[in-house]
Amino acid sequence: SVTPSPCAAASPRRPPRQTTTPAATRPTSRRPSRSRSVSLTVPEIALVVEDLRQRVVPAFLHRVRSIPEAGFLLELRVPGADRLLLVSLEPVASRLVLVERGAANGRTAEGFARTLHQTLAGSKLTGLTQAADDRAVRLEFGARTLALELAGRHANAFLLDEAGIIRSSHRPSSSHKR
């Protein structure tokens, strides 16, 4: 026979918690979950890349700014205008988007953004492509490439050299080549 522990015998028994809401009190519309990803899909990225190609290629990279915890901002000089290209690497909102001058408040380049600025500032953006059926985008700056993986929680950015070897990344990665 099993004897109950003294603690179990001394504590009063509580009724079980109600884990479901009765149907009559449940809301009829559900709000989207905060953890739901709003990152761009492959077809959406294709549309964005085509639009950006028309608006920012060719351009000169003037400056790179940091967006804390989110990614970085590329200040591009195109004939007749300046463009701000936001690279968001947030896990639930990875994307590539042109923003208005006052919309993004980037800070002085830190970390990966500083490396990009030191390596690419003054370089000419000559190409913008998307890998077939993938959420990977490449920005070509002469012999250097900025490779973006806009894959939700695995979003990352890589600075590649002439041979495609990764020289720096926004987040740690075990990859060596892209």
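The values are calculated or read from the model by the stated rules, or taken from the named source; none is laboratory data. The model shown is predicted, which means the values in this text are computed figures rather than measured ones. Neighbour counts run over all protein chains shown; Cβ positions are idealised from the backbone, glycine included. SASA here: full protein model, heavy atoms, side chains in, ligands and nucleic acids out. Shrake-Rupley method; radii C 1.70, N 1.55, O 1.52, S 1.80 Å.
The dipole here belongs to the range 43-146: it is taken about the Cα centre, uses +1 on the Cβ of Lys and Arg and -1 on the Cβ of Asp and Glu, and is about 420 debye.
Distance between the 7 Å Cα→Cβ label points at A143 and A163: 1.2 nm. Surface composition of the range 83-147: carbon plus sulfur atoms hold 45% of the accessible area, using a 1.4 angstrom probe and ignoring ligands, DNA and RNA. The tail of the calculated P(r) for the range 126-174, taken as Cα-Cα distances beyond 13 Å, holds 56 percent of the pairs. Rg ratio for the range 41-114: its Cα radius of gyration over 2.2 N^0.38 Å, N being its residue count, equals 1.09. Solvent-accessible surface of the range 39-178, taken per residue with a 1.4 Å probe and all protein chains present: 51 Å².
On average, how much area does the Cα convex hull of the range 75-151 cover when viewed from any direction, in nm²? Write out the running numbers ahead of the final one.
Numbers: hull surface 23.9 nm².
Average projection, Cα convex hull of the range 75-151: 6.0 nm².
Residue separation of A93 and T41 scaled by 0.36 nm, minus their Cα-Cα distance, works out to 17.6 nm of gained length. Rolling a 1.4 Å probe across all protein chains gives E50 an accessible area of roughly 80 Å². Taking trypsin sites (Lys or Arg not before Pro) across the range 80-173, the ones in a DSSP loop with at most 15 further Cβ atoms lying within 10 angstrom of their Cβ are R101.
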